[in-house]
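Okay, so here's the structure we're looking at.
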Amino acid sequence: MSQLPEPQLGDLRILVVEDEMLIAGMIADTLQDAGYRVVGPATSLEPGKTLANNEDLDGAFLDINLAGKASFAIADILLRRGVPVVFLTGYHQSAIPEAYRHCARLWKPFQLDQLIALAERHFAQRAI
C-alpha cells in the first residue's frame, strides 16, 4: 500500500499584514526562507481584508495596529474561514478584545526564530 507524501511547508500559504515596511519585509523573508509561501505583505487594512477574503490561506500574522486602524476586521474574515491567526503586537493583553484572546500572539519586539516556531505550532498542522 502506498503512502501519501508528507506535506511540505512550501504548500502552506501565510498572509502577512504589517504596516511597517521593514518589519513586513523581514517577516516575509524569514517565512520564505523557512519554506512557507507568503501572501502579501499587506501594509494597511483594506488590502489585508481583500487578501483575507480572496486568497487560499493556511495562516496569518496580523499586526494589530495598522497605521492607527485595528486589524480585527481582517481577523474576523480569517476566523470565519477557519484560518488560524497570530497577532503581532506590543499591546498588553488587556488591550486585546475578549473575542480575540484565544488567538496566538507574538509580543513585539520578537526574535525571528520565535516567529517560525509559532508558524510551525499554529499553521503546520493544516498541512496534515
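What to note about this one:
- In this simple spin-label model, placing a label point 7 Å from the Cα along the Cα-to-Cβ direction at both L112 and D11 gives a separation of 2.7 nm.
- For A104, the residues whose amide H sits under 5 Å from its own are V85, F87, ignoring neighbours fewer than 5 places away on the same chain, with H placed 1.01 Å from N.
- H102, H122 arranged by Cβ crowding within 10 Å, fewest neighbours leading: H102, H122
- Restricting the chymotrypsin sites (Phe, Trp or Tyr not before Pro) of the stretch 50-102 to loop positions (DSSP other than H, G, I, E, B) with no more than 15 neighbouring Cβ atoms within 10 Å leaves Y91.
- The chain: radius of gyration and largest Cα-Cα distance (Dmax), Å: 14.2, 56
- Sorting the segments 27-33, 50-56 by their residues' average number of neighbouring beta-carbon atoms within 10 angstrom, most packed first, yields 27-33, 50-56.
- Helix-only [θ]222 nm of the chain, DSSP H runs n ≥ 4, -39500 (n - 2.57) each, per residue, nearest 500: -10000 deg cm²/dmol
- The region of the chain that goes longest without hitting one of the trypsin sites (Lys or Arg not before Pro) in a DSSP loop, each with at most 14 other Cβ atoms within 10 Å, is 1-80.
None of the figures in this text is laboratory data; all of them are computed from the coordinates on show. Note that the structure is predicted; figures quoted are calculated from it, not measured. Glycine also receives a Cβ, built like all others from the backbone with ideal geometry; neighbour counts cover every protein chain displayed.
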